[in-house]
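Below is one structure, written out as structure tokens; the observations come after it.
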């Protein structure tokens, strides 16, 4: 049986791996039901320790955990921060499916939302998060961080400065938007109507819908 797993981290930097401070949430489920485990949960069942117990239980029962870009992100951070290892036989990375590989080989975007559009799956959950991210992009301190990162990358690795700057600015802004939404979610006591929970529920639906294509 396939279940979707999706991990979010506290990361307001430009490097999606090196700048992670901690896991803030682990979501497990499908388009019908999702369980959200998060770092600041007051309910002991849904803490990150609870997530570790649930993953261990699912693996022991032979479940396959599916997700997008699992091998390059979710699996490594689960091991780093929770000490959870998911065997190859118990994972299915949608990022490595033939449909995504075909898009990548043709020079197309391989973001989950773009792949979903290719499959005819409507993606609406990104809208509010992108609106938050755009506000961060207008802040001078965020621009300064992106400028410093781009300057360092070009000096050490070469490449185009404008591209490096836009890439760094996007990652920093999105990271801040996600963490801002998470903090709002925690302050609300875990209200499912807020953008962070809406994002989690939608991501599970999108992943599951894509899995069925």
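Read the figures in this text as sums done on the coordinates, not as results from a lab. The structure displayed is predicted, hence computed values, not measured ones. With ideal geometry, Cβ positions are generated from the backbone for all residues, glycine too; neighbour counts draw on all protein chains shown.
Within region 10-100, the percentage of alpha carbon pairs spaced more than 17 angstrom apart rounds to 52%. Note on region 2-211: percent of Cα-Cα distances in each 5 Å bin, starting at 0 and stopping at the bin with the largest distance, equals 1, 7, 13, 18, 20, 18, 12, 7, 3, 1, 0. The order of the peptides 140-146, 1-7 by mean Cβ neighbours within 10 Å, most packed first, is 1-7, 140-146. Once you reduce region 43-107 and region 150-187 to the center of their Cα atoms, the two points are 24 Å from each other.
A simple spin-label model places the labels of residue 140 and residue 157 2.9 nm from each other, with each point 7 Å out along Cα-to-Cβ.
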